């Protein structure tokens, strides 16, 4: 695909605007580490919500959805649609708790919830493990996707893509800190969504497709349209629906979908003005992420089936594509070849925007871990605010260099590494949910779970073939998650029950700060009252869990109804679209009515 002068001008203007945002944010970002990493804790819900969804709008996400649709149909998207329950739990239970905790990073939580050397170890170790190793592997994988897209669309060498994109994203992320990242996300998300919608429009105008109505009735896509799993085939609905809803949402920790919130999602919640803005931000994120974003990609994917029914048809039109990249997911960048001059530049800019919003967030998140939870906590406790900001900027550069190096030299196939990382969080997710509400969980509980899960992940990934554990209903990887989850859950529960709890003063201080309420803290609260040291400030914490669970149910109903209402209109099923739109509207009114009764500051 050859870009004309106007295309390059559009891309150049895009880069200049992003750099301008970084420069503008830098005027205040250097004042303190709180400004650099949390925006002074004064950011509004709408800006933070868009930033969250922009970060998850990665350069490789449209390719992933396209691969799903071409291989297994639209229904395969339940592989990520099912994670909505995780998001709703974060919105209505954990967002307010994170904001109330007033920590600078979610790792700082360890030393307010637990005490002693074990808590310090957890904080320091995970700062390096998650902030550097894990984080660079994720960024390297995203950069690898950008290399593939840039090679197919623009014919650029991998190092040119890495260096070009890295320089810009490092500049605005290191100059502007979280404010630069968040405002750039806001701008980039608009560009990315416009590009995705326009790409879908152009796909429908192709003569082979000839409009949405003809696409939906085309014989080649008829078998791909269903959005509901086949409930007569357990091998389809069990892994797509039952497993994520029954196990995965609470059992597995992974960035962006952490049980109880965490990572860059927690960072955004901690940056909010108050609890209301933290809840509003995560609610907006989940609505935009699940309901608004999928259909433009799905339309392009379905159109690609008509135009390029197999890999041979793509190879014939694009003979220079490296056979290594010739998979179904390559169909998305191939479809972008249909764009005209000017529009191609805008859509390329939208893909760059998707890449940069993800990388910018991970750079700031990773550097916040390193600076706040390792450098300031262990290496230089007397570091000044200026020194912390300088170290944050330096760490941003180093992390990008490491991620770029990984993508150019090692990550030709990161499957085993990512399987180890995914499995290493299996079984620990329940700890992240319950540690807020059950006093008995201690630092040793998390350490034991982390060690056992990591050991099992390495063994199961490197020494146990998937076929050895696969069943008729579940594939090998899913079974490995179940095995690890079961072993880790039993072990950490035994650890929590049969080892010494945290010091009572630590527990009382945590309860007084966050006020989670509930029967899981009754023993601590009662003992504090008996000692004449009530830890609820005599306010009487109201247990809001029943109302929060109701909100989770209503929230899931609203977002799924919105998702499938849009799908109904896309498929030409107007009655389905109207009915589900009404359900979503009524549900939204009920949602905000119940939300108004929550005690939010």
Margin query: Contact list please: Cβ distance under 8 Å, first residue in segment 512-531 and over 21 Å from residue 100 (Cβ atoms) and not assigned by TED's automatic domain parsing to the domain that holds residue 97, second residue in a loop (DSSP other than H, G, I, E, B) and at pLDDT below 90, pairs at least six apart or on different chains.
Written below: none
Notebook entry, point to check: Tell me, which residue of segment 17-31 that is surrounded by fewer than 17 Cβ atoms within 10 Å (Cβ to Cβ) and touching a residue at least 12 places away in the same chain (Cβ under 8 Å) is farthest from residue 372 (Cα to Cα)?
Noted result: 17
Check: Just checking, which of 171, 156, 175, 144 is outside any helix (DSSP H, G or I) and assigned by TED's automatic domain parsing to the domain that holds residue 369?
Finding: 156
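Each row is one residue, and each column tells you yes or no for (1) crowded, with 24+ Cβ neighbours inside 10 Å; (2) in contact (Cβ under 8 Å) with a residue 40 or more places away in the chain; (3) more than 25 Å from residue 248 (Cα to Cα).
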position	(1), (2), (3)
337	no, yes, yes
360	yes, yes, yes
384	no, no, yes
421	no, yes, no
Item checked: Those residues of segment 112-129 which are in contact with a helix residue (DSSP H, G or I) (Cβ under 6 Å, 6 or more places away or on another chain), over 12 Å from residue 377 (Cβ atoms) and assigned to a helix (DSSP H, G or I), in sequence order -> 112, 113, 118
Next item on the list: Identify the residue in segment 41-68 that is buried (at least 21 other Cβ atoms within 10 Å of the Cβ) and not in a helix (DSSP H, G or I) and, among all such residues, is farthest from the chain's Cα centre (by Cα).
Entry: 43
Checklist line | segment 292-333, residues that are closer than 26 Å to residue 560 by Cβ and outside any helix (DSSP H, G or I) | finding: 293
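Based on this model, can you work out whether residue 546 counts as modelled with pLDDT under 95 and not in a helix (DSSP H, G or I)? I'd like the intermediate steps shown before the answer.
Numbers: modelled with pLDDT under 95: yes; not in a helix (DSSP H, G or I): no.
Here the answer is no, as residue 546 does not meet what is asked.
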Check: When you look at residue 348, is it crowded, with 16+ Cβ neighbours inside 10 Å, more than 27 Å from residue 36 (Cβ to Cβ) and assigned by TED's automatic domain parsing to the domain that holds residue 289, yes or no?
Finding: yes
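Can you say whether residue 263 is farther than 24 Å from residue 426 by Cα and touching a residue at least 60 places away in the same chain (Cβ under 8 Å), as far as the supplied structure shows?
Taking the combined requirement at face value, the residue does not satisfy it.
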Margin query: touching a strand residue (DSSP E or B) at 6+ places or on another chain (Cβ under 7 Å) and closer than 23 Å to residue 433 by Cβ: which single residue out of 279, 252 fits that description?
Written below: 252
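Can we say residue 380 is closer than 30 Å to residue 179 by Cβ and free of Cβ contacts under 8 Å to residues at least 12 places away in the same chain?
yes
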Check: Quick one: would you say residue 470 is surrounded by fewer than 16 Cβ atoms within 10 Å (Cβ to Cβ) and out of contact with any helix residue (DSSP H, G or I) (no Cβ under 8 Å at 6 or more places or on another chain)?
Finding: no
Next item on the list: Among residues belonging to segment 449-473 that are touching a residue at least 40 places away in the same chain (Cβ under 8 Å) and over 26 Å from the mean Cα position of the chain (by Cα), point out the one that is farthest from residue 505 (Cα to Cα).
Entry: 472
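The values are calculated or read from the model by the stated rules, or taken from the named source; none is laboratory data. Note that the coordinates shown come from a computational prediction; the quantities given were computed from them, not determined experimentally. Neighbour counts are summed over all protein chains in view; Cβ atoms, including those assigned to glycine, are modelled from backbone coordinates with ideal geometry.
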